[in-house]
Structure formats: C-alpha cells, structure tokens
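*Asks:* The structure that follows is given in the form of structure tokens.
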Amino acid sequence: MAGTVPKLAAPRPAAAPLPSQSFRSAALAFAPSARRFRVSLAGRARSPVIAMASAKEGNGAATKRTTLHDLYELQGQSPWYDNLCRPVTDLLPYIANGVRGVTSNPTIFEKAISTSNAYDGQFKQLISAGKDAESAYWELVIKDIQDACKLFEPIYDETDGADGYVSVEVSPRLANDTQGTVEAAKWLHKVVNRPNVYIKIPATAECVPSIQEVIANGISVNVTLIFSVARYEAVIDAYIAGLESSGLSDLSRVTSVASFFVSRVDSLIDKMLEKIGTPEALALRGKAAVAQAKLANQLYLKKFSGPRWEALVKKGAKKQRLLWASTSVKNPAYSDTLYVDPLIGPDTVSTMPDQALGAFLDHGTVARTIDANVSEAEGIYSALEKLGISWEEVGKQLEHEGVTSFKKSFDSLLTSLTEKGNALKTTV
C-alpha cells in the first residue's frame, strides 16, 4: 500500500462561500423549482436559516423535496442538524426540508443562551425561585430538549424508534469521572423524560465503561468525541456488552449512535503534514479525515455481524449507527461539502451545522460513497503512519482539545449566568 500517494477524494476547490455566520440576519430562502437557495436579508434571525417563507404554497401544497429527503430515502442516511436555540419552533422549516434529528453540545448552548434574550424570562423565574446558576442552566437546557423532542416525535414514531432523536450532553466536567457520568446520564434521562432523547457521553477512556453501564440500564446514548478507529472499536464493544448485560428481553428501544468526528482530524493532521513539508506529505492534505472515517465504517460492518451480534438481534437489538460529526469545513480551500459527500451510506447519520447543511442543500451530491475507494483509504491511513504521524496521538490530542473546549464553554456560560443572577438579586 506504500509507494505512490493514494488518490482518494482529493479536495475540490471550494464553491462560492456562504455568508459568514456573523451575519445573523442572513437567511437561506428555498427556491423550490431550482432546488437551490438564494441569500436574502430578512430582518433579525438567529443564524442562516432554511427560511421557508414559501414552505407551503398558497394552496397549502407540501414542501418540495430537497437533497435531504433524497439522502434519507435513496441512500438511507439520516441528515441531522447540529444546532439548537430558542425559539425551538425555528426547527420546523428544517424538519420540513428533511432534517430528521438534532444534536447539541455545551458550546451550542453557550452561544444560544448568551446571545439571546429568549431565555431571560425563564431564567429570572428560576433565580427568583432560589435556583443557583448551574441548576438554572440545566432547567433552560432541559426545556429546549423537551420541546425539540416533541417536534421530532412524529419521525421517531414513524420509524419505530429508529430516527427523530434530540441529543443532550452530560456536564463536560464529568469527562474523566466514570460513575459521575453514569449518574448524570440517569438523571438527565429521567428529567427529560422523552422516548426520543439521546444522552451524550464522551468517548474518553474513563467514560467508555460509563457507556456500557448506561446502555445496560436501558438508556439510549449518543457517544461523542470519537477521533480514532481504536477508540471507536472500544465504543462498539461497550454498546454490545451493555446490551448483553441489560437483562432486557426486548432491546428494540435501546439505541445508540457513535459520533465520529471528521473535519477536526484534517485540521490537525494538515498542520503536521505542512511541518513535514515533503511533496508526498503535502499531497496528503485534506485526505486523512475521510480516509479514517471510511475505515471506521468498515469496522462497523465487521463488528455488527456474526453470531454474537445476531444473538442480540433476536432480542430486537439495533445497530449503533455511525454519526459523522464535525462536518463543517475549516479550510476554505476545500470543497464545502468535503465531509458530507464522501461519507454517504445506509444506516448512518450526518449531523450538519448551518454551513455544511446549507452547502449540501445547495449543491451536495446524493450518491452512495461510504464504501467507495476503501483500498485508497487504507493506503492513505498507512502512508500517514509511515510519515511518522501516530493516529493514536492524533486521537488523544483531539479528544483533549474537544473536552477542554466544551468545559470552557460550560464554565464561561455558568460564570455569566452567575453574574446575571447576582445582578437580578440586587435589583429585587
């Protein structure tokens, strides 16, 4: 597999960029006949939204098909939206256009709560009732999650619990606390009290046992912050072992996704390749993330087959779907659908923030690609190792950065909520 540099998915030149996320008043208005989007200014909006001013035509006709509908119906991949804030009803046009689930994280909620006054009324009531900042935070988050779950419940029901999930993450302060994570997951599952909620648990070494125990308790889990194939295998093993030890005769309502992060892998490895600086190294830029993701899918196919898995299927067990996360492109020189188009395949999920979602709706290609060019992916994976790049170390560094980033967002928001709460108390 060594020798010449493999030719998997060389990044295409970027398409015309979408508006900067700082232009919070921009909206992507759907043009049904062309299945394209045009950018318009439409007053104050929370972010570039799939603005369905014409989601229904004057005669009440249903929304036109989009590439998201095709993605699910033709290729079996579920498009999810990686964002959540109030008003939660802003999700309705996304659902109309084919979005089938939502993911959230501490950074998303920091942005939502700190930049919007939509939370002020409930926050004031909570502080007046004697809640501290962290308790108030969870009350705000839980309401958003419950409201979003309600919107996606029809999809959950239509698919018999296979889709229509909304994810909420345990406190990032617990990323290295096995039992603390288990207890937090149980608490969140209980208080949200919705069948289509996923409790997000990070795939840190300390939390892999937590995943097994939470699954064994019959709680559905979104395993997040997976950056390496080796850690992904540990996550699969934890899911299967959790199902086996659950004692449940019907496993059909215990489901899971494994959130495998993509673009951040290229962001780190590209820097390493540029430091190496040889023509062979530079030719591999923008290829590592997709290559590793394709190999993760091969592992998925292997692990969810054979006698051990089939014994669980007889009890109703469902495969832990791969979810492609971190799908927005960080390098403007790359195609803005680089982390969506090459990873399309059945029984997978792609969660997309506004940038990636808008790009894919506008000019994404719906075709099965996840199992194409696997030998080239293997070649890229080994070529990077031969250049001295350790996939294990890459995974460790990205996991540390991810956990640290979420903790920073969580702590920052709690600090601002504490200050806001103290200010409210002094005015009473």
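*Asks:* Kindly list, by first and then second residue, each pair from a residue in region 112-139 that is open to solvent by 50 Å² or more (accessible area, probe 1.4 Å) to a residue that is hydrophobic (A, V, I, L, M, F, W, C) and not in a helix (DSSP H, G or I), limited to pairs with Cβ atoms under 9 Å and residues at least 6 apart or on different chains.
*Replies:* Once the first residue is open to solvent by 50 Å² or more (accessible area, probe 1.4 Å) and sits in region 112-139, its partners that are hydrophobic (A, V, I, L, M, F, W, C) and not in a helix (DSSP H, G or I) give Thr115/Cys85; Ser128/Val428.
*Asks:* From the list Thr103, Thr89, which one is modelled with pLDDT of 95 or more, surrounded by 22 or more Cβ atoms within 10 Å (Cβ to Cβ) and of a type outside the set (A, V, I, L, M)?
*Replies:* Thr103
*Asks:* Can you spot a residue in region 154-162 that is within 23 Å of Ile226 (Cβ to Cβ) and open to solvent by 60 Å² or more (accessible area, probe 1.4 Å)?
*Replies:* Looking for residues that are within 23 Å of Ile226 (Cβ to Cβ) and open to solvent by 60 Å² or more (accessible area, probe 1.4 Å), one finds none in region 154-162, hence no.
*Asks:* Let me ask another. Could you please find all residues in region 406-428 being part of a helix (DSSP H, G or I) and open to solvent by 100 Å² or more (accessible area, probe 1.4 Å)?
*Replies:* Within region 406-428, Lys408, Glu419, Lys425, Thr426, Thr427 meet the criteria.
*Asks:* Could I ask something else about it? Being outside any strand (DSSP E or B), within 24 Å of Ser104 (Cα to Cα) and of a type in the set (A, V, I, L, M), is that true of even one residue in region 266-278? Before you say what the answer is, go through the steps one by one.
*Replies:* We begin by selecting, within region 266-278, every residue outside any strand (DSSP E or B); these are 266-278.
If we keep only those that are within 24 Å of Ser104 (Cα to Cα) too, we end up with 266-268.
This time we only want the ones that are of a type in the set (A, V, I, L, M), so: 268.
Within region 266-278, one or more residues are outside any strand (DSSP E or B), within 24 Å of Ser104 (Cα to Cα) and of a type in the set (A, V, I, L, M).
*Asks:* Is at least one residue of region 180-195 within 20 Å of the chain's Cα centre (by Cα), over 24 Å from Ser382 (Cα atoms), open to solvent by 10 Å² or more (accessible area, probe 1.4 Å) and among the charged types (D, E, K, R)?
*Replies:* yes
*Asks:* Anything in region 109-145 that is closer than 16 Å to Thr415 by Cα, touching a Cys at 6+ places or on another chain (Cβ under 9 Å), of a type outside the set (Lys, Arg) and not in a loop (DSSP other than H, G, I, E, B)? List them, or say none.
*Replies:* Phe109, Ala112, Ile113 - these are the residues of region 109-145 that are closer than 16 Å to Thr415 by Cα, touching a Cys at 6+ places or on another chain (Cβ under 9 Å), of a type outside the set (Lys, Arg) and not in a loop (DSSP other than H, G, I, E, B).
*Asks:* Among the numbered conditions (1) touching a Ser or Thr at 6+ places or on another chain (Cβ under 8 Å); (2) aliphatic (A, V, I, L, M); (3) at negative phi; (4) open to solvent by less than 20 Å² (accessible area, probe 1.4 Å), tell me where Ala216 comes up short.
*Replies:* Single failed check for Ala216: (4).
*Asks:* Something else about it: Mind counting the residues in region 204-228 that are under 18 Å from Val349 (Cβ atoms) and of a type in the set (A, V, I, L, M)?
*Replies:* Final tally of qualifying residues: 6.
*Asks:* I need the full set of residues from region 214-235 which are under 19 Å from the mean Cα position of the chain (by Cα) and either among the polar types (S, T, N, Q) or more than 20 Å from Asp177 (Cα to Cα) (or both), in order please.
*Replies:* Passing the criteria: Ser220, Asn222, Thr224, Ser228, Val229, Glu233.
For (1) assigned to a loop (DSSP other than H, G, I, E, B); (2) open to solvent by less than 10 Å² (accessible area, probe 1.4 Å), each residue gets a yes or a no:
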{"site": "Lys318", "(1), (2)": "yes, no"}
{"site": "Val329", "(1), (2)": "yes, no"}
{"site": "Ser335", "(1), (2)": "yes, yes"}
{"site": "Gly345", "(1), (2)": "yes, yes"}
{"site": "Thr351", "(1), (2)": "no, yes"}
{"site": "Gln355", "(1), (2)": "no, no"}
{"site": "Ala367", "(1), (2)": "yes, no"}
{"site": "Ile370", "(1), (2)": "yes, yes"}
{"site": "Ala377", "(1), (2)": "no, yes"}
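*Asks:* So, one more: Is there a residue being over 21 Å from Asp341 (Cβ atoms) and open to solvent by 10 Å² or more (accessible area, probe 1.4 Å) anywhere in region 262-270?
*Replies:* Yes, there is a match, as at least one residue in region 262-270 is over 21 Å from Asp341 (Cβ atoms) and open to solvent by 10 Å² or more (accessible area, probe 1.4 Å).
*Asks:* Here is a further query. Mind counting the residues in region 78-107 that are closer than 14 Å to Leu357 by Cβ and out of contact with any Pro (no Cβ under 7 Å at 6 or more places or on another chain)?
*Replies:* Of the residues in region 78-107, 15 are closer than 14 Å to Leu357 by Cβ and out of contact with any Pro (no Cβ under 7 Å at 6 or more places or on another chain).
*Asks:* Leu284 passes all but one of (1) over 19 Å from the mean Cα position of the chain (by Cα); (2) more than 30 Å from Ser246 (Cα to Cα); (3) of a type in the set (A, V, I, L, M, F, W, C); (4) part of a helix (DSSP H, G or I); which number fails?
*Replies:* Leu284 satisfies all of (1) over 19 Å from the mean Cα position of the chain (by Cα); (2) more than 30 Å from Ser246 (Cα to Cα); (3) of a type in the set (A, V, I, L, M, F, W, C); (4) part of a helix (DSSP H, G or I) except (4).
*Asks:* Looking at this structure, is Asp144 touching a Ser or Thr at 6+ places or on another chain (Cβ under 7 Å) and open to solvent by less than 10 Å² (accessible area, probe 1.4 Å)?
*Replies:* The answer is no for Asp144.
The values are calculated or read from the model by the stated rules, or taken from the named source; none is laboratory data. Computed from a prediction, not measured in an experiment: that's the story for all the values here. Glycine also receives a Cβ, built like all others from the backbone with ideal geometry; neighbour counts cover every protein chain displayed. Accessible surface areas use protein heavy atoms only, side chains included; no ligands, DNA or RNA. Shrake-Rupley method; radii C 1.70, N 1.55, O 1.52, S 1.80 Å.
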